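Chemist: Have a look at this one before I ask anything.
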Amino acid sequence: MSSQLNATPRHLNAREVLDIRDGQGLRVKSLRGVLWITQSTDSEDIVVRDGQSFVLDRPGLALISAPIGPADIVIQPTAGRC
């Protein structure tokens, strides 16, 4: 995933899962659709809707899914991430 850290939108099909390893500090934004995000060692799951974003705040594996239908997302570093 690290080779795709730019502002280019990515399409997820319904129920497709994207894995990000060591993505702490990456911003995940939904341009269209609902996203479900779960992070390693975090008991809380995150739901992101159209126009919303979430910054991954844990090291390890994060899974991003489009559980309801297709979604378009952007994943990019935040200002604090090198």
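Chemist: In nm, to one decimal, how far is the modelled label at GLN76 from the one at LEU63, with both set 7 Å along Cα→Cβ?
Modeler: 2.8 nm
Chemist: Can you give the direction-averaged projected area of the convex hull of the alpha-carbon atoms in the chain, in nm²?
Modeler: Averaging across all directions leaves 4.7 nm² for the Cα convex hull.
Chemist: Let me ask something else. About its Cα centre, how strong a charge dipole does the chain have in debye, to the nearest 20, once Lys and Arg get +1 and Asp and Glu get -1 at the Cβ?
Modeler: Here the chain has a charge dipole of around 240 debye.
Chemist: Another question about this same structure. Percent antiparallel among DSSP beta bridges with both residues in the stretch 2-75, to the nearest 5?
Modeler: If we restrict to bridges inside the stretch 2-75, about 100 percent are antiparallel.
No value in this document is a laboratory result; all are computed from the given coordinates. Just so you know, these numbers come straight off a predicted model, no measurement behind them. Cβ: placed from backbone, ideal geometry, glycine included. Neighbour counts: every protein chain shown.
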